[in-house]
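The values are calculated or read from the model by the stated rules, or taken from the named source; none is laboratory data. Not measured: the values here are computed from a predicted model. Backbone-built Cβ (ideal geometry, glycine too); neighbour counts: all protein chains shown.
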Amino acid sequence: MSAVQSAELSDEPEEKAAETPDEQPAAPPPLYPGAPPAQPPKPLPQLLLYMFAATVVGLTQALGMSFITVSIQQIAGPLKATTAEATWLLAAYLVPNASLTLMLFKMRQQFGIRRFAEYSIVLYVLISLCHLWTDSYQSAIIVRFFAGVAAAPMSSIAILYMLEGLPREKKFSIGICAAMTVISLGTPLAGLMAPVLLDHGGWQRLYICEIGLALISLALIYKLPLVSGERVKVISRNDLIAFGFLFVGMGALTVALTVGRIYWWTEKPWIGWLMILGVACLTIMVLMETHRENPLLDIRWITSAEIIHFTGALLIFRIILSEQSSGARAFFMMLGLGNEQLRGLYIVILLATIAAGAACAMLLKPGRVAAMHGFALVLLIIGTWLDSHSTSLTRPSQMYLSQTLIAFAAGLYLPPAMLVGIMAALKRGPNYLLSFIIVFLTTQRIGGILGSALFGSFVTWREQVHSAALAQDLAAGDPLVSQRIAQLAGAYGSTISDTVVRKAEGAVQFASQVRQQAYVLAYNDAFRFLCLLACVALVVLIVDVAFETWEHKRAAAEGLPA
């Protein structure tokens, strides 16, 4: 992803300036090798068209992923697969998505941004059409893998279109905030649209909607082309070898993290072997890159204290955000609610995300990043703490406030973090931008998968603990237990005449309710843990800012550069 693209469209060659060369102002240098030269901002109507194209392309990519996430149970049935087997559809999609960004950035430099965007959208449309002929679980896995390949460049293209035509100084505020906001709208929009589409044609309707969006994106990309800068030959044979190890390593870890908690980490030996394979391939790739003259990634810079600090902060934030993406929705699904009952919650999250993007665009400046991050963490602390008091009677409307705070915090955190990373990379030189982009996108994609895996595993572990504790306290001879089983058995009085069978059914219902209560307690534990993690992150941020302020004052007192 080239988040700092500074190209503006020019269908005709520029006229020569009237001034002499000495009088002409020096054009700003390209932000990275192969970037187009800076040009004047576009007229407002044309600028709005490009931003509309960015929105459509971004939503096309986001919905393609989110439709499967929010409808996995409804899709599993027609494919004659279990929910665990259907999870492989997510894994197949994420495997190429996790690592292709590295080569895509270099492909844009070598082949040109315009050609890259046009070929990418054509490939996406063709792969989307293949979904119409998917009639089995095995074919769905194959198609979803190639869908992940085709979707990998789409978020990058959306960001390029969002930045197109904006003044250079606005690209880092309005452009980044708007692009990140559009990409974040996928899950709530999919939650709102999926039930309607499934009710009017089944799971094939999801793919038809995706195809329709892809065709609109195709028309917009060809009608509003991006301008390419000078092509730079940057891909070598050694790059392809290094990328091969990166692809296998990231893919193996992605599969393990996606399905590990479903099959459980210690129950299936192949999960461990996948992790070993992933770590081994990434280690080989790092060793190769460390000893190359022109590496694909600058490993020494990526492993510097500054970037490790930056990466750690992003990963922790993505883990905390799993409260919304994997926590609240899964909590209500466990209580028996479907997407139809969650529409109000999705609308609240959608509106909060848009509001956060608008607020971030107005407030974002380099000197305000720490304050914005601190405020976002405060919102996360409040939101997760409110959710940690849930019960089996909690309904979506009671989480509107907490989920609004969490969604708003997400919109405030990511654009400033991206700005900080871009500035840090550009201080070292344009060539470091590629390494930063890989760090940022890897933390977002792998961080999201890791957060979901850790959250789900933590809930499963705490449910077992609470189930054991509740079972120990609820003895079969307890009068209250016997009374409750009799009440539940009474519901079968009109359908089951045998008293013993009715009592057995009542016991089964009672055990199910006990397990549900254990899950509620487990989710509350997970929400509290994320609240504690956000508190720790806030304390670390305050200490870091205080130490940096002290360093600047000391340097000023001693007459040293800051």
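Assorted remarks:
- Residue that is out of contact with any Leu (no Cβ under 7 Å at 6 or more places or on another chain) and either modelled with pLDDT of 85 or more or not assigned by TED's automatic domain parsing to the domain that holds Met162 (or both), where the choices are Met372, Met399, Met418: Met418
- Cβ-Cβ contacts under 7 Å between residues 6 or more apart (or on different chains), taken from a first residue in the stretch 336-363 that is more than 18 Å from Gln398 (Cβ to Cβ) to a second residue that is of a type in the set (Ser, Thr, Tyr), are listed as Thr353/Thr181; Thr353/Ser184; Ile354/Thr181; Gly357/Thr181; Ala361/Ser173.
- Residue ID - surrounded by the fewest Cβ atoms within 10 Å (Cβ to Cβ), chosen from residues in the stretch 267-316 that are of a type in the set (S, T, N, Q) and under 26 Å from Ser457 (Cβ atoms): Thr283
- Filtered residue count, the stretch 380-423, keeping only those that are among the aromatic types (Phe, Trp, Tyr) and touching a residue at least 60 places away in the same chain (Cβ under 8 Å): 2
- Among (1) at negative phi; (2) over 21 Å from the mean Cα position of the chain (by Cα), the one test that Ala361 misses: (2)
- Within the stretch 377-391, tally of residues that are closer than 15 Å to Phe332 by Cα and either surrounded by fewer than 18 Cβ atoms within 10 Å (Cβ to Cβ) or not polar (S, T, N, Q) (or both): 3
- Within the option set Ala352, Ala330, Ala358, Ala370, being in a helix (DSSP H, G or I) and crowded, with 20+ Cβ neighbours inside 10 Å holds for one residue only, Ala352.
Let's see how each residue does on (1) surrounded by fewer than 19 Cβ atoms within 10 Å (Cβ to Cβ); (2) modelled with pLDDT under 80; (3) under 25 Å from Leu90 (Cα atoms); (4) out of contact with any Ser or Thr (no Cβ under 8 Å at 6 or more places or on another chain):
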| residue | (1), (2), (3), (4) |
| --- | --- |
| Ala409 | no, no, no, yes |
| Phe440 | no, yes, yes, yes |
| Ala453 | no, no, yes, no |
| Gly456 | yes, no, yes, no |
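- Flag for Ser71 being modelled with pLDDT under 80, closer than 23 Å to Ile211 by Cβ, crowded, with 19+ Cβ neighbours inside 10 Å and within 18 Å of the chain's Cα centre (by Cα): yes
Conditions tested, residue by residue: (1) assigned by TED's automatic domain parsing to the domain that holds Ala376; (2) in contact with a His (Cβ under 9 Å, 6 or more places away or on another chain).
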residue: Met288; (1), (2): no, no
residue: Thr303; (1), (2): yes, no
residue: Glu306; (1), (2): yes, no
residue: His309; (1), (2): yes, no
residue: Ala313; (1), (2): yes, yes
residue: Ile316; (1), (2): yes, no
residue: Ile319; (1), (2): yes, no
residue: Ser322; (1), (2): yes, no
residue: Ser325; (1), (2): yes, no
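- Considering the stretch 258-300, the residues that are modelled with pLDDT of 80 or more, of a type in the set (A, V, I, L, M) and in contact with a Ser or Thr (Cβ under 8 Å, 6 or more places away or on another chain) include one that is nearest to Thr442 (Cα to Cα), namely Val259.
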